[in-house]
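Here is the structure we will look at.
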Amino acid sequence: MRAARPTALSLLSACAALLFLMLSPSAGQTPDAEEGISFGDVTKKFIRNMNLLKTMSHDAELARQIGLVVAKAEDLHSISILKNADSRRSQIMRMREKMLNREGIKESDQKRMDELQKELRELDPEGRFAKARSEMNRALGEFQNSLGQVLAPDPRSEDVMRLLRLHVQYYNQCLSKLP
Amino acid sequence: MPLQTSLTTLAVLLLFGLVPLAGQDTPAGTEPAPAPAPDAGAQPEAPEVKASNARELLEKLNAEAKRDAERIKEIESILFPYEDKVAMELFFMASGEYAFLRRQSESARTAGRFFQAQQQIDRSSWDGVSIFFDTAYDAMRSGYLWVGREQGLINEDVQLFNDLRTKVQEEMAKRPDGQAMLKLAQERDALLGKSRASAPLLKYFNERRQWWKGYPDYEATVKESVGLPAPAGGER
């Protein structure tokens, strides 16, 4: 009878620990299936579309400029997916969105976000991602300027130019959302 | 409020589906839908008869839609090369150029749907942007360059193609073998019109009805035991 008590207690504490792990906001450090689309996914699609647009453009200079933007996007992508950082970034963004949609901010959410941000800093102490991101921003800015400066666009490239503008606008929106 | 609207829509749709079954007037816009066999003995007091007619009607519609689609394809395989040849001679177009214009102009409806979907995209979310990139990519790969265009420009393209087509058809009318082709063109237009008219009914029966059946209030509202017993094939 005496021996049964510690066993029951340890079983109870094991259950409690399991429950805590399951309910803990930091449960599962690995990216889960519910995360949905990440910035890395968007970047991959951006690169894919820009490459297609490059093949569709009739202007060699335009194709060269698209190539430069794609190269920067590829750099950013390779850094953004390093060491699972992409999924952490997505988590932070989604938590931010949740918090904005709620009236109050949950303390546990705030704590989890701080943790994730700390992890991100530890993963990238040199701030390579931030540098790549600002280079990407600069490249996109220059590209947008040159798209705007084309006074007499080749009519054959008109549709491609419109598509490029849309892609750059949409991708810029994504960049601005990055934590 | 949305629930109320949904239920009203459901009621309207059910009514829409059941009216022809009861052998009454066909709803406006679905004129080409084949009327169920006018069976005097089937004046629908008995609900089983209604349901059986509903299935028959659906089968008939599906079969007819399939037949029409095949016929349209068949006509196109004869008509389009002829039209393209006339256009090449008339406008000195390159081979395939007229066919390309036709395809672009006939994709206007697809373009309309694309623009509508695009308006609903939430640009500030990664999911929204990802959807935009995917839809744009698919459209670009299919050769639809209207992705970045305005609806007005698409309409202009359609108008331009229709003007060219009128000229091509005028020329066809002058040629001895063109008369038969014009008849084929008219048949194709009629079949396309018919398929557009019966599309809502088919969409309802083939897709939306199943969707509505999963709706929480469906069973409470729709008395299936009276109006729509489950078909023998085990629809439910």
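The values are calculated or read from the model by the stated rules, or taken from the named source; none is laboratory data. Values in this document were obtained by computation on a predicted structure and should not be read as measured data. When we count neighbours, we look across all protein chains shown, and the Cβ atoms used for this are built from the backbone with ideal geometry, even at glycine. All accessible areas refer to the heavy atoms of the entire protein, side chains included, with ligands and DNA or RNA removed. Shrake-Rupley method; radii C 1.70, N 1.55, O 1.52, S 1.80 Å.
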| request: Determine how large the accessible area of residue B:134 is when every protein chain is in place; take a 1.4 Å probe and give Å² rounded to the nearest 10. | output: 50
| note | Computed from the beta carbon distance with a Förster radius of 30 Å, FRET efficiency for residue B:199 and residue B:127 to the nearest 0.05 stands at 0.50
| query | Between residue B:175 and residue A:121, what is the spin-label point distance in nm, taking each point 7 Å from the Cα along the Cα→C-beta axis? | reply | 7.6
| Can you give the average number of partner chain beta-carbon atoms within 10 Å of each beta-carbon in peptide B:131-137, as a whole number? | 6
| note | Within 10 Å of the Cβ of an average residue in A:163-170, the count of other chain Cβ atoms is 4
| message | Summing both sides, how much accessible area is buried between A and B? Use a 1.4 Å probe and give Å² to the nearest 100. | response | 2400
| request: Give A:111/A:131; B:85/B:183; B:60/B:203; B:66/B:223; A:44/A:72 a once-over and call out the pairs whose C-alpha atoms are over 22 Å from each other. | output: A:111/A:131; B:66/B:223
| said: Could you give each residue of the stretch B:209-214 its phi-based ³J(HN,Hα) in whole Hz, using Karplus coefficients 6.51, -1.76, 1.60 with θ = phi - 60°, and x for Gly or Pro? | reply: 4, 4, 5, 4, 4, x
| field | Summed side-chain charge close to residue B:71 - residues other than residue B:71 whose Cβ falls under 11 Å, Lys, Arg +1, Asp, Glu -1 | value | -1
| remark: Total charge of the residues flanking residue B:138 in space, meaning their Cβ is under 14 Å from its Cβ, with Lys and Arg +1 and Asp and Glu -1, is +3
| message | If I take R0 = 22 Å and measure r between the Cβ atoms of residue A:78 and residue A:147 in this structure, what FRET efficiency does the formula 1/(1 + (r/R0)^6) give, to the nearest 0.05? | response | 0.30
| task | May I ask you to rank A:77, A:58, A:167 by accessible area, largest first, using a 1.4 Å probe over the protein chains only? | result | A:58, A:77, A:167
| Taking 0.36 nm per intervening residue step and subtracting the Cα-Cα distance, what contour gain separates residue A:61 from residue A:135 on full extension? | 24.6 nm
| FRET efficiency, residue B:62 to residue B:118 (Cβ-Cβ, R0 25 Å, nearest 0.05) | 0.20
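So, for the stretch B:79-125, what is the accessible surface per residue at a probe of 1.4 Å, expressed in square angstrom?
On a per-residue basis, the stretch B:79-125 sits at 57 Å².
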